[in-house]
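The values are calculated or read from the model by the stated rules, or taken from the named source; none is laboratory data. None of these values were measured; they are calculated from a predicted model. For neighbour counting, all protein chains shown are included, and Cβ atoms are generated from backbone atoms with ideal geometry for every residue, glycine included. Side chains are part of the model used for accessible areas, which takes the heavy atoms of the whole protein and leaves out ligands, DNA and RNA. Shrake-Rupley method; radii C 1.70, N 1.55, O 1.52, S 1.80 Å.
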Amino acid sequence: MEKMQFKAESQRLLDLMINSIYTHREIFLREIISNASDAMDKLAYLALTDDQVGISRQEMAITIVRDEAARTITVSDDGIGMSRAEMEENLGTIAKSGSLSFKQAMEKSEDIDIIGQFGVGFYSAFMVASKVTVISRKYGEDQAWQWESDGADGYTISPAQKDAPGTQIIMTLKEDTEEENYSEFLEEYKVRELVRKYSDYIRYPIRMEVSKSRKKEDEDGYESYMEEDTLNSMVPLWQRARKDVTEEEYEGFYREKFFDYEKPLHCIHTSAEGTVSYKALLYIPGRAPMDFYSKDFKRGLQLYSAGVMIMEACEDLLPEHFRFVRGVVDSQDLSLNISREMLQHDRQLMVIARNIEKKIRSELKSMMDSDREKYEKFYAAFGRQLKYGTVADYGAHKDSTKDLLMFWSHKQGKLIALREYVEAMSEGQEKIYYVVGQSRDRLGKLPQVQTLAAKGYDVLICTEDVDEFIPNTLMGYEEKSFCNAATEDLGLQTEDEKKALEEKTEELKGFLTFLQQSLDQQVKEVRLSSSLGEHPVAMVPEAGMSFEMEKYMKRMDPNFAYPVGRILELNPEHETVKAVLSTMTSDPVRAKDLAQLLCYQAQLMAELPIEDPVAYTELVCRLVI
């Protein structure tokens, strides 16, 4: 028996295969099972073209045998097998793929799925094995052959005995170390876990003897026994027609795959054929995970190619604004890299990602229109994410999310979409009014909101930090501009009203100067306003940032918080303001105190902090006496 060397810079390249290409040692079982599936695909295809073969796919299976004493795990298949020459060519030449050659020869067939393209998957066995033995008999030949290697010093090929065509791969596991536990791959639970994780949808049954228990006959208690069990599901739900899948099956798949005790809110079963073909089974969860808004949350869809899981969380298939979606995508048209653990970024991947984004958006829009109760439940869990997605990347994705956003309607007392706001706008209304703050109840009592409500105009009440950024990102909606009712001109004054306010401002110029001087550096300006309704005062920001933005920036980084200039607006028709005006000439000291009280009131209404609560308390007590 002659020892032969590998044909590709032997040890150096093999070390690369074992230590650099694959990131997880557990991948070895996926690769070996995939190769076994490929071998059986080849024989099944041969059976279609040669009546003498007399073998069908239904008779084929992959078998796993664990031997804890010998520290071996054996994977056997009923495939086409290898001759001595093929064994030397495929196993003796690293990166020589027999599956790729076969696929190229049969590329016009539509009944074959072979993902082994690079010829390196077999060598992943050396990540966990100190020795690998392959016993194979090619279909149509009587002689079997044994290939054996320790992965370091070449390999040997010798005659062997095997009763039927197919291949056995016997992996002798390495000894455990402090850093690595190789023995776990001999455990029944671990093998079952890896098969279900990576190879659950291989089209052939994967069988293994497993321990079970049964009640003893005519005795109390239970006894253990061994029985061959099928570990994989074989046919995934997404490969079946939607009409053939029950809601219970959809729900069961979701619970099992994504470990959620709640049933999903919505299921999307979709597929596409053409230049890029794929099938997808997507779920919208009923609640947000605990870590959803943290950096620890990993978005992405499980990616399969021909039933073999390639990536557990492929981020490139799911945009950030739809990161809450869970599910799987299966496609044979993707370009995989050499380890099959990562994708090569190509047009096919981008096409699938765009289609999935459009499908999710369409399903959510349909839910909003046809099942508002369900959509509002979804929005309570993930509406904030849609808002973050709207403002992310300078609004690059706003067209995908803007019609899915909802805000609280002050007029209707419920959540509404922007489209519904515009459709219900009063005649002559040109702006979409909104206010931002922390309390829906407080915002509804703002003078500007009450002024708009008196004219029959609706106001969107926004209570989340991200709401401040959305109007500036969208710029407008259906040719209607946004207007922050608490900080911007409401645009309600006629030319006559503007002129009257200017005349009133000139008339009370001395009074406004007195108030400005009385409040010293507390406000940048004191001015009159006709938008305060029945309220005497309001505090509004200078042009630029709003008070809510100031608070947000302060929470993010107190050291770099930028204070917004305060402007005190007065309602000249209010009795309180008139009382301060009349007091100015008779008792300037008291008038100064009243001016300070008005400033405090305006700060409280704007939810701005009072820097000196003690001074405020003393002021109130002084004015009461």
(message) Checking the structure you have, find out if any residue of region 496-514 is open to solvent by less than 30 Å² (accessible area, probe 1.4 Å) and farther than 19 Å from residue 594 by Cα.
(response) no
(request) Tell me, yes or no, whether region 284-298 has at least one residue that is at pLDDT 90 or above and more than 17 Å from residue 382 (Cα to Cα). (result) no
(request) Take region 161-204 and flag every residue that is closer than 15 Å to residue 30 by Cα, of a type in the set (Asp, Glu) and free of Cβ contacts under 8 Å to residues at least 60 places away in the same chain. (result) 193
(message) Taking the criterion of being at pLDDT 90 or above and surrounded by 19 or more Cβ atoms within 10 Å (Cβ to Cβ), would at least one residue in region 552-566 satisfy it?
(response) yes
(message) Out of the helices (runs of 4 or more DSSP H) lying entirely within region 4-123, which hold 1 or more residues that are under 17 Å from residue 194 (Cβ atoms), at pLDDT below 90 and not basic (Lys, Arg)?
(response) 27-49
(request) Please give the number of the condition residue 420 fails out of (1) modelled with pLDDT under 95; (2) farther than 22 Å from residue 537 by Cα; (3) surrounded by 15 or more Cβ atoms within 10 Å (Cβ to Cβ). (result) (1)
(request) Quick one: in region 269-281, of everything that is of a type outside the set (D, E, K, R) and either in a strand (DSSP E or B) or under 12 Å from residue 363 (Cβ atoms) (or both), which residue is most open to solvent (accessible area, probe 1.4 Å)? (result) 271
(request) Exactly one condition in (1) aliphatic (A, V, I, L, M); (2) farther than 30 Å from residue 64 by Cα; (3) buried (at least 17 other Cβ atoms within 10 Å of the Cβ) is not met by residue 288; state its number. (result) (3)
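For every residue, the table says whether it meets (1) open to solvent by 50 Å² or more (accessible area, probe 1.4 Å); (2) more than 27 Å from residue 127 (Cα to Cα); (3) out of contact with any Lys or Arg (no Cβ under 8 Å at 6 or more places or on another chain).
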residue	(1), (2), (3)
174	yes, no, yes
192	yes, no, yes
223	yes, yes, no
267	no, yes, yes
(request) Can you give me the number of residues within region 227-258 that are touching a strand residue (DSSP E or B) at 6+ places or on another chain (Cβ under 8 Å) and either closer than 22 Å to residue 204 by Cα or in contact (Cβ under 8 Å) with a residue 60 or more places away in the chain (or both)? (result) 15
(message) Please list, ordered by residue number, the strands (runs of 3 or more DSSP E) wholly in region 393-470 having 3 or more residues that are in contact (Cβ under 8 Å) with a residue 40 or more places away in the chain.
(response) 406-409, 431-436, 460-462
(request) Hey, can you tell me all the residues within region 296-338 that are open to solvent by 20 Å² or more (accessible area, probe 1.4 Å) and of a type in the set (A, V, I, L, M)? (result) 306, 311, 313, 338
(request) Name every residue in region 429-454 that is touching a helix residue (DSSP H, G or I) at 6+ places or on another chain (Cβ under 9 Å) and of a type in the set (Val, Ile, Thr), in order of residue number. (result) 432, 435, 436, 449
(message) Please pick out the residue among 158, 136, 213 that is crowded, with 20+ Cβ neighbours inside 10 Å and in a strand (DSSP E or B).
(response) 136
